[in-house]
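Visitor: Here it is, the structure in full.
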Amino acid sequence: VLAEAHCSLDLNPRSQPEPADSREAIELFAAPGAQEQASFAVYAQRDLQDVSFQLGPLKSDGGATLPAAALTPGLVQFLPWKAGPQQFSLQECLILPLRPTFIGGGTCKRFWITLATPADAAPGVYTGRISVTAANAPPAALQLRVRVLPVRLATPPFERFMYFGTMYYLGKAYL
């Protein structure tokens, strides 16, 4: 089962998508020169071997292209996380480079896409496919639609960043 997973959604391997989460397409807004993220989850109804996904270029009706190199695929890693005295839970922690992964039956795994919109991208709606494959299952696909806005975002006066996921706790300091 393929499901859209909003970037702020906290998933764990035992999470199950809601029926409304199932999608045929993931849609994004982007600005030239800016970065956008999207994520989706694969929920395995049985053990799946070597699950991965592929992205191709995105094309607009006007013939413009966002190259596949503008899209970076990733795999969200779950790690044991201390939930209390003598208790651990599994939390999303890192976005790793994409590699084929095992998804056990009755569990899910999140995949990540980062779009670095080229600075010269023409406004319009760009469409492509996310092809999800597993060694022991038929392929599945989602459509990826990106609306590039005719707006260029101003460079902020100082750099800011945001960390995805749970706060790291190390040596009594949050990182």
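Visitor: If you take every residue apart from L28 with its C-beta less than 12 Å away from the C-beta of L28, what net charge results, scoring Lys and Arg +1 and Asp and Glu -1? List each step's numbers first, then the result.
Guide: Details: positive: R145, R147; negative: E4, E27, E36.
Local charge sum for L28: -1.
Visitor: Rounded, prolate or oblate: which fits region 121-160 when a ≥ b ≥ c are the square roots of the eigenvalues of the alpha-carbon gyration tensor, with rounded for a/c under 1.5 and prolate only if a/b beats b/c?
Guide: Working: a/c = 6.99, a/b = 2.15, b/c = 3.25.
Since a/c reaches 1.5 but b/c is at least a/b, the shape of region 121-160 is classed as oblate.
All of the numbers you see were taken from the coordinates with simple rules; none came from a lab. Model, not experiment: these values are computed from the prediction. As a convention, Cβ positions derive from the backbone with ideal geometry for all residues, glycine included, and neighbour counts pool all protein chains shown.
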